[in-house]
Amino acid sequence: MSAASSVGTAARPPLSMAAFVRDIVAAADRFGRDDLDRARAAMAGPIHRLVERDDLLGAGIPRHGNNVAESYYLYFDGELSIVLFKVPTERPVQPHDHGVWEILFVYRGALEHTVYERVDDGSVAGRAVLRDHQCATLHPGDCAVVISNSGRSRDLLDAAEIARRKGATTILITASGSPLAQTAQGGSQILLAVDHPEDYDRYSPMVSRLLHLMVIDILTTAVALRLPGELRPMLQEIKKNLRAKRYTRAEPD
């Protein structure tokens, strides 16, 4: 999973485990419980660099793990542990309490993860009443694109907040200075400001729609250019099929 370097740019060296721990601890100490969104943003960079290591799957020391198929220590100092584990696919893992802070990210595959809240008084031994507090299916590299002309839509603001909480990168296409634009903080929230003189309350906005479509076309083209080589013939086939559905141009007499 090493990152390919661009032409003329040397590949950056792998992130050492010591440097990863230093960056994660610094982010936790700086933001802690006070600003979880900024803490996640600060931790995203080191995490992305860690998973670029080609030797990550073979770098750990085997450990006993509960509810997992395989488990390895990547780091342990008595207070902080970094663990790489394989989640079993045969059956769901029962609800359990770690009793510690946990940062969870997916290296390969996908993981449906639910955080529960205990709602009983704990008076009955061996029994707990739980309700879903947060539920998500996590995928590596998830990205949400949020488009808003005014940047003031409550539904879109809520959607952007949910995406951030789930750890997804968010791309915000909206007016600069708007409430939605102001939520773009850290490397995992990207603002593409689209400003224009058109009234936000206009029933049939045209200028903003054209600008948003232009930005989407640019993003689509950029993603297509970064696709693996084996996917490009598929895009060429799509273009060929679309061309076959057009009327041929009439030749001048």
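Quick look at the values:
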| quantity | calculated |
| --- | --- |
| Which numbered condition residue 51 fails, given (1) assigned by TED's automatic domain parsing to the domain that holds residue 36; (2) free of Cβ contacts under 8 Å to residues at least 60 places away in the same chain | (2) |
| Hits in region 149-172 (condition: part of a loop (DSSP other than H, G, I, E, B), farther than 21 Å from residue 39 by Cβ and at pLDDT below 85) | 153 |
| Those residues of region 170-190 which are buried (at least 17 other Cβ atoms within 10 Å of the Cβ) and polar (S, T, N, Q), in sequence order | 170, 174, 178, 183, 188, 189 |
| Qualifying residues in region 110-124 (those that are in a loop (DSSP other than H, G, I, E, B) and within 33 Å of the chain's Cα centre (by Cα)) - the one modelled with the highest pLDDT | 119 |
| Cβ-Cβ under 8 Å pairs, at least 6 apart or on other chains, region 19-38 side within 19 Å of residue 77 (Cβ to Cβ), far side among the hydroxyl-bearing types (Ser, Thr, Tyr) and not in a loop (DSSP other than H, G, I, E, B) | 20/75; 21/75 |
| Residue within region 137-148 that is among the hydrophobic types (A, V, I, L, M, F, W, C), assigned to a loop (DSSP other than H, G, I, E, B), within 16 Å of residue 40 (Cα to Cα) and within 14 Å of the chain's Cα centre (by Cα) present | no |
| In region 93-122, the residues that are in contact (Cβ under 8 Å) with a residue 60 or more places away in the chain and either loosely packed, with under 11 Cβ neighbours inside 10 Å or farther than 14 Å from residue 167 by Cα (or both) | 101 |
| Unique match (being assigned to a strand (DSSP E or B), among the charged types (D, E, K, R) and at pLDDT 80 or above) among 131, 127 | 131 |
| Test for residue 208: is it touching a Phe, Trp or Tyr at 6+ places or on another chain (Cβ under 9 Å) and at pLDDT 75 or above | yes |
| Of the criteria (1) part of a strand (DSSP E or B); (2) β-branched (Val, Ile, Thr); (3) modelled with pLDDT under 80, which one residue 100 fails | (1) |
| Check on residue 79, at pLDDT below 85 and in the same structural domain as residue 39 (by TED's automatic domain parsing) | yes |
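The values are calculated or read from the model by the stated rules, or taken from the named source; none is laboratory data. A quick note: this is a predicted structure, and the numbers were derived from the prediction, not measured. Virtual Cβ from ideal backbone geometry, glycine too; neighbours counted across all protein chains shown.
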